[in-house]
Amino acid sequence: MKVFSMIAAALLSIVSGAGTPSPDAGSGKSDKEADDVSARLKGEWLNTVKYENSPRSVLRFEGNKVNFELFGRTGSAEYKVTEKKAADKFSITFSYSYKVKRGNGRIVEYTDRPELMFHVENGRPILSETVFEFDGRGLIIMGEYLRKEDFVDGFHSELSHQLNDRAPVPTMMEEPPKAEGN
């Protein structure tokens, strides 16, 4: 009988602790967190590197939307917070699609999903576009954005140097050097 009482008490504590979900439970973030993210992103961000044949990439954040000019493509999308480590470090992502004409004349549709990490270094907010590199380095920075007011052409963050300046892992086993005299 004691075993049954203990099981019943445990089940009741679990059920009573569940309660009713909050209205924003499905969004994964509270209104205050969403406002904090949108306030930190608000404004115009410029890519620190301009590629030869394309205009400089620009991101404009307003509320939960991003307007973008990326490699000559323009559009807008709703962004989502994918990971929040602290108020000054979080990641967002959005997606957009575009058509490309291949060499054989066939037109295909591609979808890009950039992931941007917001972080602060020396008081400067930075948006770093992250990708996973399969050469053994793992996470690297593909591009960085600074606010228009803080813009420095060719800027690279400390995080970018830390992640990108690592040597790749060899893709095949190398023979150890032979000892002298053999």
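Things to note:
- Subset of segment 51-65 [surrounded by 14 or more Cβ atoms within 10 Å (Cβ to Cβ) and touching a residue at least 24 places away in the same chain (Cβ under 8 Å)]: Ser57, Leu59, Asn64
- Among residues of segment 66-92 that are farther than 23 Å from Pro55 by Cβ, those with a Cβ under 7 angstrom from a residue that is assigned to a loop (DSSP other than H, G, I, E, B) and of a type in the set (S, T, N, Q), sequence gap 6+ or separate chain, pair up as Glu78/Asn64.
- Filter result (touching a Pro at 6+ places or on another chain (Cβ under 8 Å) and more than 18 Å from Phe90 (Cβ to Cβ)) within segment 134-151: Asp135, Gly136, Arg137, Asp150
- Which listed residue, of Thr111, Thr130, is surrounded by 14 or more Cβ atoms within 10 Å (Cβ to Cβ), in contact with a strand residue (DSSP E or B) (Cβ under 9 Å, 6 or more places away or on another chain) and in a strand (DSSP E or B): Thr130
- Residue in segment 91-103 that is farthest from Ser160 (Cα to Cα), counting only those that are of a type outside the set (Gly, Ala, Ser) and modelled with pLDDT of 95 or more: Phe94
- Of the numbered criteria (1) surrounded by 14 or more Cβ atoms within 10 Å (Cβ to Cβ); (2) of a type in the set (Gly, Ala, Ser); (3) farther than 29 Å from Lys99 by Cα; (4) in contact (Cβ under 8 Å) with a residue 40 or more places away in the chain, the one Gly154 fails is (1).
The values are calculated or read from the model by the stated rules, or taken from the named source; none is laboratory data. These numbers come from a predicted model, not from an experiment. Cβ sites come from the backbone with ideal geometry, for glycine too, and all protein chains shown count toward neighbours.
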